[in-house]
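No lab work stands behind these numbers, since they all come straight from the coordinates. Remember, it's a predicted structure, so these values are computed and weren't measured experimentally. Counting neighbours? That spans all protein chains shown, and the Cβs are built from the backbone with ideal geometry, glycine included.
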Amino acid sequence: MAPDDLAGQVAQALRNTHAGLLSAGAGFGDVVRLTFYVTGWSPDKIEAFMTGVTAVAEDIDLPLPMPPSSLIGVDYLFERDVLVEVEATAVLD
């Protein structure tokens, strides 16, 4: 079951992204761009967002500061309880 808070969902989405990268023979060191889609975004959510990032960064080898990133606020994602989606672009030699 997915967490129901933003920090928990950011952490889980990054873990999932890491697993996807690994399955392609890549890692966050190969990522050249991250895009985060967050429902109901407002600047006061940045603390919860960054709490999720820092909670898993070391475990998944996510460099801090992160690769170039965008955070896009959206009304909703594919399911009402999903608060964040991550899109990663990686370049492999």
Of T51, T39, T89, how do they rank once you tally other Cβ atoms within 10 Å and put the fewest first?
-> T89, T51, T39
At most 12 other Cβ atoms within 10 Å and a DSSP loop assignment: could you name the GluC sites (Glu not before Pro) in the chain that fit?
-> E58, E79
Extension length gain for V74 and D93 (0.36 nm per residue less Cα distance), in nm, is 3.5 nm
How long is the gain from E58 to A19 if the chain were fully straight, where each residue apart is worth 0.36 nm and the alpha carbon distance is subtracted?
-> 12.6 nm
Helix-only CD estimate at 222 nm, as mean residue ellipticity for the chain, using -39500 (n - 2.57) per DSSP H run (n ≥ 4) | -10000 deg cm²/dmol
Counting DSSP beta bridges with both ends in the chain, the antiparallel % (nearest 5) | 55 percent
Taking N as the number of residues in the chain, the ratio of its alpha carbon radius of gyration to 2.2 N^0.38 Å works out to 1.03
